[in-house]
6 protein chains.
Amino acid sequence: MSNEPGAPTAPMAPLDPSIRAVLSNLSTASITMALLKSGLRNVWIRGARSIEPDYPRVVGRAFTLRFVPAREDLATPESLSSARSTRGAMDVIPEGCIAVADAMGITDAGIFGDILCARMKYRGAAALVTDGAVRDLDGVRKTGLPTWCNGVAAPPSVTGLTFVGWQEPIGCGGVAIFPDDVIVLDADGAVVIPNSLVDQVVKTAPHAEVFEAWVLQRVEEGRKLMGLYPPSDETIEEFQAWQRERS
Amino acid sequence: MSNEPGAPTAPMAPLDPSIRAVLSNLSTASITMALLKSGLRNVWIRGARSIEPDYPRVVGRAFTLRFVPAREDLATPESLSSARSTRGAMDVIPEGCIAVADAMGITDAGIFGDILCARMKYRGAAALVTDGAVRDLDGVRKTGLPTWCNGVAAPPSVTGLTFVGWQEPIGCGGVAIFPDDVIVLDADGAVVIPNSLVDQVVKTAPHAEVFEAWVLQRVEEGRKLMGLYPPSDETIEEFQAWQRERS
Amino acid sequence: MSNEPGAPTAPMAPLDPSIRAVLSNLSTASITMALLKSGLRNVWIRGARSIEPDYPRVVGRAFTLRFVPAREDLATPESLSSARSTRGAMDVIPEGCIAVADAMGITDAGIFGDILCARMKYRGAAALVTDGAVRDLDGVRKTGLPTWCNGVAAPPSVTGLTFVGWQEPIGCGGVAIFPDDVIVLDADGAVVIPNSLVDQVVKTAPHAEVFEAWVLQRVEEGRKLMGLYPPSDETIEEFQAWQRERS
Amino acid sequence: MSNEPGAPTAPMAPLDPSIRAVLSNLSTASITMALLKSGLRNVWIRGARSIEPDYPRVVGRAFTLRFVPAREDLATPESLSSARSTRGAMDVIPEGCIAVADAMGITDAGIFGDILCARMKYRGAAALVTDGAVRDLDGVRKTGLPTWCNGVAAPPSVTGLTFVGWQEPIGCGGVAIFPDDVIVLDADGAVVIPNSLVDQVVKTAPHAEVFEAWVLQRVEEGRKLMGLYPPSDETIEEFQAWQRERS
Amino acid sequence: MSNEPGAPTAPMAPLDPSIRAVLSNLSTASITMALLKSGLRNVWIRGARSIEPDYPRVVGRAFTLRFVPAREDLATPESLSSARSTRGAMDVIPEGCIAVADAMGITDAGIFGDILCARMKYRGAAALVTDGAVRDLDGVRKTGLPTWCNGVAAPPSVTGLTFVGWQEPIGCGGVAIFPDDVIVLDADGAVVIPNSLVDQVVKTAPHAEVFEAWVLQRVEEGRKLMGLYPPSDETIEEFQAWQRERS
Amino acid sequence: MSNEPGAPTAPMAPLDPSIRAVLSNLSTASITMALLKSGLRNVWIRGARSIEPDYPRVVGRAFTLRFVPAREDLATPESLSSARSTRGAMDVIPEGCIAVADAMGITDAGIFGDILCARMKYRGAAALVTDGAVRDLDGVRKTGLPTWCNGVAAPPSVTGLTFVGWQEPIGCGGVAIFPDDVIVLDADGAVVIPNSLVDQVVKTAPHAEVFEAWVLQRVEEGRKLMGLYPPSDETIEEFQAWQRERS
């Protein structure tokens, strides 16, 4: 496994700029709808909310972090300074990625505070997502690292959690996340796009968003929903005509 | 039942303007106290919070919406466009009512997004209340529909919920709501006033609010609470004298 | 017991001004870390969040309040006006203390509204903390009493809770609180410092905060975490040199 | 709606005896596997366990019952004796059906005791399933009505629940149940087979059970699982040969 | 307070033998129904189940025990051997009472094991009830002390709980219990009868049980529920005639 | 990592027979007490209960299994037959070990049924422990594999879970388990003894059990607990005298 002490972490495939551009303009609501059409119902990370009200949307590959529960014999000074520690992970986190931490939904200990977030920010991480809590909220805010979490808690991670590794498959907020999956974050929370489905989402979701924007205008003009959304054949024709006119 | 496909929804009795005026000036805290005096302890919808910090109080009759859990065979395109769909409900929702949606407390799928909220807004619905989540928070905000909900979630309703009807008795946030009950919404959340108790609340609660405002002034002047609140006979006399002077 | 009807409450030992000064400059994150080093893992009150975003840190001794569940035969007018009532407690609450209310995590009834908070404010209470909810949020805000709670709920306390006494040992948010323990409140929530450990926290935590601030600067300059935090012997030397230079 | 006071309940289509015979020999584990192959993941009623350890498997159509939360103004003597009451439902429940009660997972009030269960038993109901509790466990046992529930509670239903109707779509244990769906009960709990999928389950599941029994024998003989289960092409051939020999 | 170290516990009023005799023949289901008629809805201790399937009904006055959460500085050898310890409480527990322990619903530590249960048994305690867990299940069973609890857990109480006193008002399973209230235990769990309502329950509930037994017979003969239960005037007359004949 | 497809699993150090002998005579209650004295409070696996009432105590090294949540794209036939599957794990599970499965507390899908349990039994596994559910309860019972789990559920694991590996650190029931830790199972549930603490438990716990047995006898003779348990100096002397006599 690549996260053995001393071993280099497998390089993360960079996210194609054109894919990033499309995803940055898609809401997580649109992405979950596109994934549902591909049969995926469980892609939204329960409990992860942004700590600032007005972050722009964030897109990046997942760099996974995994915790298990605390056991007093594991929370030793040696473990904190071992290579298999959060420190070790932060020192190799790749630029542009989104750190996704499986805290098993534990919210009475903060997984990271200002120092670890500052280190991630320095290395160019795009954001932090967790189903757990962060600590030292004011300090984390000051680092400028966009953060989606399930609360804030003063106690250090070792009161509730033991770090065990990175870039492993994890569960986060009831969702399976694999290393290098694509994560998108906005005001509706955090969603995962499995690597194999990124192309499909990029292809279909923007079209659906255009259609929904057109529907919204019709609704604001007073149109009934029945026949409009989901669209009847007539509605589809009408939309296509509108599109042709527009182009 | 009035919500059969094609059937008209039973007209909703308009809320008397004088009643609306009184209730618009009563806090939900005062209303729950008045209902407790009538023996009702379970009238506050657990989990429903406003998505904007500064809505004015909203008052209206309940237009109930009911969901059951999702089952993959039910979430078909046909079901979404059938007359017994959320779309069908939104197309008949009466002006001035408050849509109250029983989402069984499920918060990992959004019951409505911008399009359905825009439709409700267009038809003149006064607000939306649910023990579930909404999706596309930014879009919902833009519609201007006052919304009290139990969170925000990107996934569409069909990932977790199946719509089954409207204007039926429902549970919402652990409270029974019947069609046409009166709902009041403010910073303390959402409360239901059963139709048969509206007159009593309107009669007794404003007086209690005046008394409590008088008590608050006394407290700010340094009076002890014992004997003041709840009031001793002397306090009642003192209050009544104050009232007589004032009128 | 000191809270028998008519009996005076035992006087609360004033908090030494120098201790107060130190604690006012320590984050709850630093305090929990210091307590962990003394073997205490369970000192953060789960669920207690501030109702305003920008309170300054609050420090004070705990004045405990205890509720048990509601039982209809106990919620009588007599009980509300008895000496063993919340009113009785509010009338003796000492200046500078922090009221800590054990509401057993019940969040569908508000323990206090504007009148009781105004009384606490008048008597000089420094803050209110609870694992339950408050009611009449707008009114509570107007009193100016800094409040950390687990939500807001319109219904009065008697719909869910019965008050049974004050200055007894309590549980609050899963933490044991004894009368006169020291409480510190900030953006990360509420923590208790057991009386016997206050001196130790005051002695060790400020030093740790200085070190962490120094670490943060190093991280912002691009230093690796391994060897820095937790510090290797070289790092400790480097920090001590920096301190000597600075003094 | 058919359950208006005085109106006859729509007759329930009898369950074909050959279908009943097949389902009585299929475990709920096999049925959920067959439904998963048809894309259904959410068909097992959470929380419903049998009150006796050794009931034989029960199969029948669902007769749905729906509760909403209790509200003190609704729990009147009039409501209990109205036609839209549990009593009304019990008096029309069809022979051979399985009563499925949506209690919203509330387990601190018992939905039925001995009298209502005795009435169901007398009318020939095959079983009772609920995500709530029953009361008077000893009495319910004596009626002989097979019962799957989520606990036992002494208090009467009206302390927590209000009955609102029957043969409506419901949620039970997080699963959608429609009137006349087929229910199967055994030691693994309660599953629903949507009406439209009964034929498919009956066709495919028995074959899968034969295969699994054959696999189990191989495992007991010491065969490795890899290649055996799920089967490789060679394993499929081997199984088919075994089947040919046997027939 | 009477449970100060060294102070004698206030003597518990013995339960009148005639009251005990009546209550021993009333099911907890009947008692909760009687209390509901007196306006009490919250008298059943959530989570408390018997550890043996076939205890006879137990009746006794409540001897309350109170825990708060564990804090490492409180779980010292000194605290365990102090007079305000579970040991101190067990040494004064009165004959015939039922120990009711408020464990705040914590079920991952056992409040008592065989030694403390043996001590209670020796002193003649009638039973133990808690919303927490016991430990050393086999040992507890051997003591013969009838026990209703919310599970079994190996860890000692101090891993999760701190004992703080006895014969104080407590919450147990979401219900308020005051010292000397009457507790009844059977297969449906544990209910509290407030002291002031014992006479009323004893007077009304037996009559209701006779009526319900008569109703059950009618149901077994095939009578409809409508008009029978709740009874119409004709049914009441018929029942009274049956009673007259019988006497 | 040793559990890569095709790679051999690292051999598990056999458990010393003398250690096994001592642990087989120690209750999990005694073990948790011994571990608490070493500072470990979190060693009992929440939710794991035995499916049969009368298993003898089981002792063995942990063979860990790890699941993450289900995602529809992962639950493919290919994944089930891949080397990194539950099948792959079952085919290498060592004799005498206890399989400990991290199911993240998910109890609405069964992790294993009869076939996988039969395979484990055939290979000589001593028991299965999980914080999740098993399926096909009757079939699992027939395999004779002692099983401690958090319920029974009909649906197959893939409806809720994705298997990701074995012999990795896991969380199970809120406890950290590392490969080769020692597990002990009895009527009080499942506890882990970290490898580094096994010797200490084996050395101290038996002595404590002898003392407690002696205390229990004294309690049955009517001795007070104060001074006896925890013991005063006199009690310790008395016990030591008793031991000397006995030997």
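The values are calculated or read from the model by the stated rules, or taken from the named source; none is laboratory data. On a predicted model such as this, the values are computed, not experimentally measured, just so you know. As a convention, Cβ positions derive from the backbone with ideal geometry for all residues, glycine included, and neighbour counts pool all protein chains shown. Protein only, heavy atoms only, side chains kept; ligands, DNA and RNA dropped before computing areas. Shrake-Rupley method; radii C 1.70, N 1.55, O 1.52, S 1.80 Å.
A few remarks follow.
- Gaussian network model of chain A, Cα within-10 Å springs - most flexible of A:Pro230, A:Pro11, A:Pro146: A:Pro230
- GNM top mover of D:Asp136, D:Asp108, D:Asp233 - chain D, alpha-carbon springs below 10 Å: D:Asp233
- For the range E:219-246, a decrease in accessible area of 50 Å² or greater in the assembled protein chains relative to the isolated chain, with a 1.4 Å probe, applies to E:Val219, E:Leu225, E:Met226, E:Tyr229, E:Pro230.
- Under 5 Å between amide hydrogens, built in the peptide plane, is the criterion, and for D:Arg49 it picks out D:Cys149, D:Asn150, D:Gly151 among residues at least 5 positions away or on other chains.
- Computed from backbone phi with θ = phi - 60° and the Karplus coefficients 6.51, -1.76 and 1.60, the 3J(HN,Hα) list for the range F:142-147 is 5, 5, x, 7, x, 9 Hz; x is used for glycine and proline.
- Amide proton proximity set for E:Gln167, modelled H, under 5 Å, gap of 5+: E:Thr64, E:Leu65
- Residues whose amide H falls under 5 Å from that of D:Arg57, counting only those 5 or more places apart or on a different chain, are absent, with hydrogens built in the peptide plane.
- For a paramagnetic label modelled on C:Ser24 (point 7 Å from Cα along Cα→Cβ), amide N atoms under 20 Å away belong, within the range C:138-163, to C:144-148.
- Rounded to whole Hz, the Karplus (6.51, -1.76, 1.60) HN-Hα couplings of the range A:153-159, x for glycine and proline: 8, 5, x, x, 3, 5, 6
- Inter-chain Cβ neighbour average for residues A:30-41, partner chain, 10 Å: 5
- Counts of other chain beta carbons within 10 angstrom of each beta carbon in peptide A:101-108 average 3.
- The phi torsions of the range E:47-62, fed into the Karplus equation with coefficients 6.51, -1.76 and 1.60 and a -60° offset, translate into couplings of x, 7, 10, 6, 8, 10, x, 10, 4, x, 4, 10, 10, x, 7, 7 Hz, rounded to whole numbers, with Gly and Pro shown as x.
- Candidate lysines for bridging to E:Lys121, where Cα separation is under 18 Å - those fewer than 8 sequence places away on the same chain excluded: E:Lys142, F:Lys224
- Computed with a 1.4 Å probe over protein heavy atoms only, the accessible surface of chain D comes to 37 Å² per residue.
- Working ranking of peptides D:174-180, A:13-19 by packing, defined as the average number of other Cβ atoms within 10 Å per residue, highest first, is D:174-180, A:13-19.
- Rg and Dmax, both from the Cα atoms of the protein assembly as shown and both in Å, are 32.1, 105.
- With a cut-off of 12 Å between beta carbons, the residues surrounding A:Ser24 carry a summed charge of +1, where Lys and Arg count +1 and Asp and Glu -1.
- Chain F - mean residue ellipticity at 222 nm from DSSP helices (-39,500 (n - 2.57) per run, n ≥ 4, rounded to 500): -9500 deg cm²/dmol
- Here the protein assembly as shown has 52 percent of its accessible surface on carbon and sulfur atoms, given a 1.4 Å probe and all protein chains in place.
- Counting DSSP beta bridges with both ends in the protein assembly as shown, the antiparallel % (nearest 5): 60 percent
- Each part reduced to its alpha carbon centroid, the range B:102-180 and the range E:113-180 end up 45 Å apart.
- Annotation for the B:A interface, with buried accessible surface near 2300 Å², both sides summed [1.4 Å probe; non-protein components not counted].
- Average beta carbon contacts from partner chains per residue of D:133-143, 10 Å cutoff: 4
- Share antiparallel - DSSP beta bridges, the range A:17-195, percent rounded to 5: 60 percent
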